[in-house]
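> This is the structure I want to talk about, given as structure tokens.
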Amino acid sequence: MKLVAIVVAILAVVIVIPQTLFTVDQTKQSIVLQFGQPITTHSTPGLKVKTPFLQSVIAFEKRILTSDPGAGEYLSADKKRLLVDHVSRWRIRDPLRFFQTVRNEGGGSERLKAIVFSEMRAELALHPIVDIISGQREQIMETVAQRVQPKVADFGIEIVDVRIRRADLPAEVLNSVFARMQAERDREAKRYRAEGEEEAAKERADADRQRTIILAEAYEEAQVLRGDGDAAAVSIYAKAFTQDSEFYAFLRSLEAYEKFLPLDSSLILSTDTELFKYIVSPKVPEQE
């Protein structure tokens, strides 16, 4: 009999203790239910006690949860259609209210998605597409989160933040936008080319002008130098002529012979020609 009593006691302990004691993890928060109705909540981690067999425990996440509803189509203030893929981060702040209103995390996520979609649609309709894509995205999302928070507080939810993960134009609009952007870039490229050609023409004209000026100045300087040389030559010839006019005339005649009489040439001229007076009857200059 003692052995049977011991076995029964051990079985009772093994069965009753798990039904009496439960552990709350540090990442969880729990609600004790009795016949499906909440009795008490536990947010601190540790070993807890409940009535065996009559009470059960349901646990909820204490950590931040993420809701990713997928891309939705919105209309901007400038009437542009936009596909926006956003993500919401939230946590269960009041587990009792959360259980009473949405029952579980799936229900809470669905309620949150609907509210965020509604608030985003209202807020994005106030801003042009440029601000939504880049300019004021952070400020817009902060405004959405602030507007969502009072509405989700009734479900025991605290919104952490709402972020746009991706914003694109619809496929049917995207091609026309790209075509318009390409046309604008082509116009800019043509304008830059025209400005470049105009600038190049100015540079070439300026270079030609400078070349003409340089050549004119060089020609002028060459003419001056040539004139100075001719003047110096005339001066030298004049000095030579004054020193011995007959010898000077003789040298000039020889230079003339060399220039117009090539080798092996024959000329028939009168003997009294002034040009050949030194050949016919050369006159030897008198010695001083």
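What follows is calculated from the coordinates using simple rules that are stated; it is not laboratory data. All values derive from a computational prediction rather than experimental measurement. Using ideal geometry, Cβ is built from the backbone for each residue, glycine included, and neighbour counts are taken over all protein chains shown.
> Mind listing the long-range amide H neighbours of Thr23? Cut-off is under 5 Å, sequence gap 5 or more, other chains count too, H placed in the peptide plane at 1.01 Å from N.
Lys48
> For a distance above 35 Å, tell me the whole-number percent of Cα pairs in the chain that qualify.
Considering the chain, 65 percent of its Cα-Cα pairs are separated by more than 35 Å.
> Which residue fluctuates most in the GNM of the chain (Cα springs below 10 Å): Gln243, Gln210, Gln223?
With Cα springs under 10 Å in the chain, the top fluctuation among Gln243, Gln210, Gln223 is at Gln243.
> Using θ = phi - 60° and the Karplus relation 6.51 cos²θ - 1.76 cosθ + 1.60, list the HN-Hα couplings for the stretch 18-23 in order, rounded to whole Hz, with x at every Gly or Pro.
x, 7, 9, 9, 8, 10
> On to the next question. Gaussian network model of the chain, Cα springs within a sub-10 Å range: biggest mean-square fluctuation belongs to which of Arg89, Arg97, Arg191?
Maximum fluctuation in the GNM of the chain, among the listed residues, is at Arg191.
> So, how do all the Cα-to-Cα distances of the stretch 51-186 break down into 5 Å bins, in percent, from 0 on up?
The calculated distribution, bin by bin, is 2, 10, 18, 18, 14, 11, 8, 6, 4, 3, 2, 1, 1, 0, 0, 0.
> Expressed as a whole number of Å, what is the distance separating the alpha-carbon centroids of the stretch 12-39 and the stretch 129-185?
The stretch 129-185 and the stretch 12-39 have Cα centres spaced 43 Å from each other.
> Helix 245-260 versus the longest principal axis of the chain: what angle, 0 to 90°, nearest 10, using Cα atoms?
The answer is roughly 60 degrees.
> Another question, if that's okay. As a quick test, which of the pairs Lys62/Lys151; Lys2/Lys50; Lys28/Lys50; Lys79/Lys151 have an alpha carbon distance above 24 angstrom in this structure?
Lys2/Lys50; Lys79/Lys151
> Whose amide H sits under 5 Å from the amide H of Lys28, counting only residues 5 or more places off or on another chain, with H placed in the peptide plane?
HN-HN under 5 Å from Lys28: Lys62.
> Still on this structure: Using Cα atoms only, what is the angle between the long axis of helix 105-124 and the major principal axis of the chain, expressed in degrees (0 to 90) to the nearest 10?
Its long axis makes an angle of about 40 degrees.
> Report the relative contact order of the stretch 136-258, percent, no decimals, based on alpha-carbon pairs under 8 angstrom and at least 6 residues apart.
Computed over the stretch 136-258, the figure is 13 percent.
> Once the piece of chain linking Asp208 and Gln182 is laid out straight, how much longer is it, given 0.36 nm per residue of separation minus the C-alpha distance between them?
5.5 nm
> If you don't mind, there's one more thing I want to ask. How long are the three semi-axes of the equivalent ellipsoid of the stretch 2-61, in whole Å, if each is the root of 5 times an eigenvalue of the C-alpha gyration tensor, listed from largest down?
Result for the stretch 2-61: semi-axes of 28, 13, 7 Å.
> So who's got an amide H within less than 5 Å of the one on Ile39, skipping anything under 5 residues away but keeping other chains? H placed 1.01 Å off N, in plane.
For Ile39, whose amide H was placed from the backbone, the distant partners under 5 Å are Val32, Leu33, Gln34.
> Using each residue's phi in the stretch 197-207, evaluate 6.51 cos²θ - 1.76 cosθ + 1.60 at θ = phi - 60° and report the 3J(HN,Hα) Karplus result to the nearest Hz, with x for Gly and Pro.
So the J values, rounded to whole Hz, are 5, 5, 5, 5, 4, 4, 5, 5, 4, 5, 5.
> Tell me, what HN-Hα J-couplings in whole Hz come from the Karplus equation 6.51 cos²θ - 1.76 cosθ + 1.60 at θ = phi - 60° for each residue of the stretch 153-168, using x for Gly and Pro?
My calculation for the stretch 153-168 gives 5, 5, 9, x, 10, 10, 7, 8, 6, 10, 10, 7, 7, 7, 9, 9 Hz in order.
> Within the stretch 83-107, list the residues whose amide N lies under 18 Å from a label point set 7 Å along Cα→Cβ of Val173.
Correct set: 83-86.
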